[in-house]
Amino acid sequence: MKTNKDYTVKQSVQGEISHPKAGRLPYRLDREGKGRNLPGTGGITYNVRVGDSAMGWAGDHIEPAVSMKITDKSKNNENYGLGLLACIGNEAQVVSGEAEGAKGVVTGLHGGINHVLVDFSPADMEKMKIGDSILVKAWGQGFELEEYPELRVFNLDPDLFDKLDIEEDKEENKLKVPVAAIVPGHLMGSGIGSSTAAMGDYDITTGDKEELARHNLTDLRLGDFVYLADCDNTYGREYISGAGSIGVISHSDCIIMGHGPGVTTIMTSKKDTIKPELVEEANLVNYLDLR
């Protein structure tokens, strides 16, 4: 496929390992209205990484491995720049603290709090601390498939795109994309209506367990590539019949109504351009050798 890869700009962005937060009343209300005290977003999560289940954790919106952002609230624009420019598959490196020099890879984005999620080896995470700085070689925004102008690509490192075993179906003028699951559009929840899908994520709702089982979504893993049927993410996020999007599961399931595993969009089309092909191994660990 012809792309503009050689003209896609690579820039440095940098943030710090963020601290988990809680309010003075630290309860998270579940779908039954019960308050629960649980781990949530941020920090260094030692026992949850890409490739692990996205379901069943005693937590809420759990982010695998390392969560980073620009923590200085006076630098909101810079933090949005970090969340916009960092792409899945980008190389990351610790640039302060005992773990300085450790290499990792961006595995997802989380909207709202604007976290960039980075996978590192367990040995390197043992050396890290809250506040350590991480530099990302941000590369991917602006990447285009020149023969498919109706299909938008974002949040994706161009080198990772080359590894995804995407094939062209010339007869149907579609791209065949391997995915671990197909998600019907009516299951997409929190994040619908956002003004952009080029940063952050939105959630697969998980309140209806029978519907999840019907669509084989009970065993989703962090890092799974999924197809979002009838979902257009071109300039935001909404339901459009016939549209389609590809995303990566970025954070875990949630107890809050309207929420669930987060999906960071990497491809979208208003037209029926994407042809999903179910492949069990369609997970970041298999494309990036993360284990």
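Values for this structure:
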quantity	calculated
Count of residues meeting criterion [outside any loop (DSSP other than H, G, I, E, B) and either touching a Ser or Thr at 6+ places or on another chain (Cβ under 9 Å) or of a type in the set (D, E, K, R) (or both)] in the stretch 251-282	12
Residue list for the stretch 55-65, restricted to those being touching an Asp or Glu at 6+ places or on another chain (Cβ under 6 Å) and either under 13 Å from LEU117 (Cβ atoms) or outside any loop (DSSP other than H, G, I, E, B) (or both)	ALA65
Residue count, the stretch 165-201 (criterion: charged (D, E, K, R) and closer than 22 Å to MET257 by Cα)	1
Identity of the residue in the stretch 238-291, more than 23 Å from GLN141 (Cα to Cα) and small (Gly, Ala, Ser), that ends up surrounded by the fewest Cβ atoms within 10 Å (Cβ to Cβ)	SER241
Candidate set from the stretch 79-103 (those that are more than 20 Å from the chain's Cα centre (by Cα) and of a type outside the set (S, T, N, Q)); member that is surrounded by the fewest Cβ atoms within 10 Å (Cβ to Cβ)	GLY101
Sole residue being in a helix (DSSP H, G or I), in contact (Cβ under 8 Å) with a residue 24 or more places away in the chain and either among the β-branched types (Val, Ile, Thr) or under 25 Å from VAL105 (Cβ atoms) (or both), chosen from VAL226, VAL248, VAL285	VAL285
PRO149 vs. criteria surrounded by fewer than 20 Cβ atoms within 10 Å (Cβ to Cβ) and in contact (Cβ under 8 Å) with a residue 60 or more places away in the chain	no
Qualifying position, being outside the structural domain of CYS254 (by TED's automatic domain parsing), touching a helix residue (DSSP H, G or I) at 6+ places or on another chain (Cβ under 8 Å) and without any contact (Cβ under 8 Å) to a residue 40 or more places away in the chain, among ALA99, ALA58, ALA65	ALA99
Count - residues of the stretch 111-135 that are among the β-branched types (Val, Ile, Thr) and either surrounded by fewer than 21 Cβ atoms within 10 Å (Cβ to Cβ) or not assigned by TED's automatic domain parsing to the domain that holds ALA99 (or both)	2
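The values are calculated or read from the model by the stated rules, or taken from the named source; none is laboratory data. Predicted, not measured: the structure shown is a model, and the values here were computed from it. Cβ: placed from backbone, ideal geometry, glycine included. Neighbour counts: every protein chain shown.
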